[in-house]
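The values are calculated or read from the model by the stated rules, or taken from the named source; none is laboratory data. Computed from a predicted model, the values in this text were never measured in an experiment. Please note: Cβ atoms are built from the backbone with ideal geometry, for glycine as well, and neighbour counts cover all protein chains shown.
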Amino acid sequence: MLSVENLRVVYHDVISVLNGISLSVRQGEVLIIIGANGAGKTTLLRSVAGMIDFYDGDIIEGDIKVGDSSIKGLGPTDIMRRCGLTYVMEDRPVFWYLTIEENLGAAAFSRWDREVRKDMEKVLTYFPPLKSLRHKKAGYASGGEQQMLAIAMALMTKPRILLLDEPSLGLAPLVTEEVFGIIKRLNQSGISVVLVEQNAHAALEIGTRGYVMELGRIVLEGKAEELASNKDVREFYLGSGEKSRRSYRDARRYKRRKRWL
Ligand SMILES: Nc1ncnc2c1ncn2[C@@H]1O[C@H](COP(=O)(O)OP(=O)(O)O)[C@@H](O)[C@H]1O
Ligand SMILES: [Mg+2]
């Protein structure tokens, strides 16, 4: 459905961040991408969503395809309209001074049809907490509610593929569970999902397949349950390895030996 082929991305012409990433997203799956801070996960999503140039980044090699056609070089609105691919950025980008409803209306900017109101009601059924807050300003909503709103806004674009950047960041475990439950239900309704997460544990539970990124490369890939039981994944991303290689230096030495770094 979506494929990334040997993607290389640099910022400011010199900072090389993605060093040949290839991956594919299959129709109907929840693809998980995990990896340490700075691995390039956000850069990957920005590149796929057509937003890398806003950050002074460039795709210097490789291609991104939806189906058979390349989307490299298209802007985010084109990618959204033509390919049904919508990106929910990290840090819950919602308009604080608009109400929940107004946020949802604003998110439908790329559409011309008259079904916006109807779709808003449909979208809200996935997010019970938002329903009761619909006339409240988003700035007063909790972190979890804002995250739900950010996802709800993405749904107003009627995506077929949803890219989510660390939706669990800063949320309490129970709220994370609620948000992930919603993501799962959205997936069951037919939306393919790419989920970038630090919270590897919760993510791998709802995922079908996953990739592990380190320093701009893919170092591991597999089915979600395989990754969840993989010894290295458990140690570095789930914090539950048998042997504790606790110091930062030890961890780096180990990863280097595995040729991840
Ligand atoms: N706009 C930018 N300009 C320069 N460097 C950037 C920019 N955005 C991110 N980076 C750098 O790229 C690397 C990868 O960042 P990012 O994609 O945000 O990683 P992740 O999401 O995995 O934490 C980091 O070293 C980061 O400092
Ligand atoms: Mg990030």
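Scanning segment 134-151 for residues that are charged (D, E, K, R) and outside any loop (DSSP other than H, G, I, E, B) gives Lys137, Glu145.
Being aliphatic (A, V, I, L, M), within 16 Å of ligand 1 (Cβ to nearest atom), touching a residue at least 40 places away in the same chain (Cβ under 8 Å) and surrounded by 15 or more Cβ atoms within 10 Å (Cβ to Cβ) is the requirement here; does Leu104 meet it? Against the criterion (aliphatic (A, V, I, L, M), within 16 Å of ligand 1 (Cβ to nearest atom), touching a residue at least 40 places away in the same chain (Cβ under 8 Å) and surrounded by 15 or more Cβ atoms within 10 Å (Cβ to Cβ)), Leu104 does not qualify.
With respect to the conditions (1) of a type outside the set (Val, Ile, Thr); (2) in contact with a Phe, Trp or Tyr (Cβ under 6 Å, 6 or more places away or on another chain); (3) within 24 Å of Ile151 (Cβ to Cβ), Tyr211 lacks only one, and its number is (2). Annotation note: of Val123, Val116, the sole residue that is out of contact with any Pro (no Cβ under 7 Å at 6 or more places or on another chain), more than 27 Å from Glu197 (Cβ to Cβ) and either aliphatic (A, V, I, L, M) or within 16 Å of ligand 2 (Cβ to nearest atom) (or both) is Val116. For segment 114-133, the criterion of being at positive phi and in contact (Cβ under 8 Å) with a residue 12 or more places away in the chain is met by none of the residues. If the condition is being surrounded by fewer than 18 Cβ atoms within 10 Å (Cβ to Cβ), in contact with a helix residue (DSSP H, G or I) (Cβ under 6 Å, 6 or more places away or on another chain) and over 22 Å from Asp119 (Cβ atoms), then segment 141-200 contributes only Gly170.
Okay, residues lined up against (1) of a type in the set (A, V, I, L, M); (2) modelled with pLDDT of 95 or more:
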position: Gly170; (1), (2): no, no
position: Pro173; (1), (2): no, no
position: Ser192; (1), (2): no, yes
position: Gln198; (1), (2): no, no
position: Lys231; (1), (2): no, no
position: Leu238; (1), (2): yes, no
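Determine if segment 36-57 includes at least one residue that is of a type in the set (A, V, I, L, M), part of a strand (DSSP E or B), buried (at least 19 other Cβ atoms within 10 Å of the Cβ) and touching a residue at least 24 places away in the same chain (Cβ under 8 Å). Looking for residues that are of a type in the set (A, V, I, L, M), part of a strand (DSSP E or B), buried (at least 19 other Cβ atoms within 10 Å of the Cβ) and touching a residue at least 24 places away in the same chain (Cβ under 8 Å), one finds none in segment 36-57, hence no.
Screening Arg217 on (1) touching a residue at least 24 places away in the same chain (Cβ under 8 Å); (2) in contact with a Lys or Arg (Cβ under 9 Å, 6 or more places away or on another chain) shows it passes everything except condition (2).
So that you can scan it fast, the table gives a plain yes or no per residue for (1) within 16 Å of the chain's Cα centre (by Cα); (2) acidic (Asp, Glu); (3) modelled with pLDDT under 95; (4) within 16 Å of ligand 1 (Cβ to nearest atom):
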| residue | (1), (2), (3), (4) |
| --- | --- |
| Leu133 | no, no, no, no |
| Ala152 | yes, no, no, no |
| Leu155 | yes, no, no, no |
| Arg160 | yes, no, no, no |
| Asp165 | yes, yes, no, yes |
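Touching a residue at least 60 places away in the same chain (Cβ under 8 Å) and either away from ligand 2 (no atom under 14 Å from the Cβ) or closer than 25 Å to Ala228 by Cα (or both): does that describe Leu31? So Leu31 fits the description; yes.
Every residue, every condition in (1) over 21 Å from Asn199 (Cβ atoms); (2) touching a Pro at 6+ places or on another chain (Cβ under 6 Å); (3) not aliphatic (A, V, I, L, M), yes or no:
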| site | (1), (2), (3) |
| --- | --- |
| Met1 | yes, no, no |
| Glu5 | yes, no, yes |
| Ile33 | no, no, no |
| Leu44 | no, no, no |
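Of the residues that sit in segment 82-98 and are within 16 Å of ligand 1 (Cβ to nearest atom) and in a loop (DSSP other than H, G, I, E, B), which one is modelled with the highest pLDDT? For segment 82-98, the residue satisfying everything is Met89. Tell me whether segment 201-208 contains one or more residues that are surrounded by fewer than 23 Cβ atoms within 10 Å (Cβ to Cβ) and in contact with a strand residue (DSSP E or B) (Cβ under 8 Å, 6 or more places away or on another chain). Yes, because at least one residue in segment 201-208 is surrounded by fewer than 23 Cβ atoms within 10 Å (Cβ to Cβ) and in contact with a strand residue (DSSP E or B) (Cβ under 8 Å, 6 or more places away or on another chain). Looking only at residues of segment 12-28 that are free of Cβ contacts under 8 Å to residues at least 40 places away in the same chain and more than 6 Å from ligand 1 (Cβ to nearest atom), we find that the one that is nearest to Phe236 (Cα to Cα) is Ser24.
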